Structure formats: structure tokens, C-alpha cells
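None of the figures in this text is laboratory data; all of them are computed from the coordinates on show. As the structure is a prediction and not an experimental result, all values here were calculated from the model. All Cβ positions, even for glycine, are placed from backbone atoms using ideal geometry, and neighbour counts span all protein chains on display.
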Amino acid sequence: MNIYISNLSYDVNDSDLRELFEEYGEVSSAKVIMDRETGRSRGFGFVEMSDDTQGQKAIDELNQAEYDGKVINVNVAKPRTDRPAGGRGGFNRNGGGRDRRGNGGGRSFEKRF
């Protein structure tokens, strides 16, 4: 079972996560996701447990529990979906940012005479 854990303290590392979940059964892997640019935790991670029953017990008991000063969210991880090519979604090509003249936004607010 693959388990998603969010709202982790930035101080939590892979071994902390493994140790927390080993109380409920055998942990195949434990990984805190790190930001590529800063090297700092992104505040979430994944744990794989070989036994689904033990994994569900861990979810039931750890979801909304306080860990390292924060209330964590623990759920079954959803399968990763294919993302569109070109990086992050949500980029607005029709506005925002600055134009060549240094004006912000997609609309021009020039005075017209």
C-alpha cells in the first residue's frame, strides 16, 4: 500500500517517517519530498507498506494526529496521473507578466485622446 502524508514539519526526514510508520508494520520505503531548488522539505511524503491491513491501520491511527508539532494528514496515495508536457499547468498565456514596454498584465490602460 502506498500512503501519502501531508502537512509534515519541514524538520521531518525519511528516517523519521520510516520510524513513525514501522510502529504499524513493515515499511518498504519512506520518502519525504524535497524541493529541487532549495533542498528543503516540501512538507509531504510517501510511505510504502507491504501489508494493506497494516497500512490501513496506520492511516486510521495517524490521520489528523499531531507529529513534530503539526497535525498531519494521512491517506492512501492516489495513482500519479500523466501531466501535460511543458511543465507546470495553470500558466496563463493570455495575460499577466509584463510586456516589452514593462507594462504589467494583458490589458493596456493607455489614455486615448
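Computed from label points 7 Å out along Cα-Cβ, the spacing between Asn2 and Arg42 is 1.3 nm.
Amide H contacts of Gly25: none lie under 5 Å away among residues 5 or more positions distant or on a separate chain (H built 1.01 Å from N in the peptide plane; Pro and chain starts excluded).
At most 11 other Cβ atoms within 10 Å and a DSSP loop assignment: could you name the trypsin sites (Lys or Arg not before Pro) in the range 1-66 that fit? Before the final figure, lay out each step's value.
Numbers: sites: Arg18, Lys31, Arg36, Arg40, Arg42, Lys57; in loops: Arg36, Arg40.
For trypsin sites (Lys or Arg not before Pro) across the range 1-66 that sit outside H, G, I, E and B with at most 11 neighbouring Cβ atoms in 10 Å, the list reads Arg36, Arg40.
Evaluating 6.51 cos²θ - 1.76 cosθ + 1.60 at θ = phi - 60° for every residue in the range 24-37, the Karplus couplings come out as 10, x, 6, 9, 6, 7, 9, 9, 8, 7, 10, 6, 5, 7 Hz, glycine and proline recorded as x.
Applying the Karplus relation 6.51 cos²θ - 1.76 cosθ + 1.60 with θ = phi - 60° to the range 2-18 yields 3J(HN,Hα) values of 9, 10, 9, 10, 10, 6, 6, 4, 5, 8, 6, 10, 4, 5, 4, 5, 4 Hz, where x marks Gly and Pro. Near the amide H of Tyr67, within less than 5 Å, lie the amide hydrogens of Ile72, all on another chain or at least 5 residues away, with H placed in the peptide plane. Close amide-amide hydrogen proximity is noted between Arg42 and Ile33, Met34, Asp35, each under 5 Å apart and 5 or more residues distant or on a separate chain (H modeled in the peptide plane; Pro and chain starts excluded).
Thr81 to Asp35: FRET efficiency via 1/(1 + (r/R0)^6), r the Cβ-Cβ distance, R0 25 Å, to the nearest 0.05? Taking R0 as 25 Å, the efficiency between Thr81 and Asp35 is 0.70.
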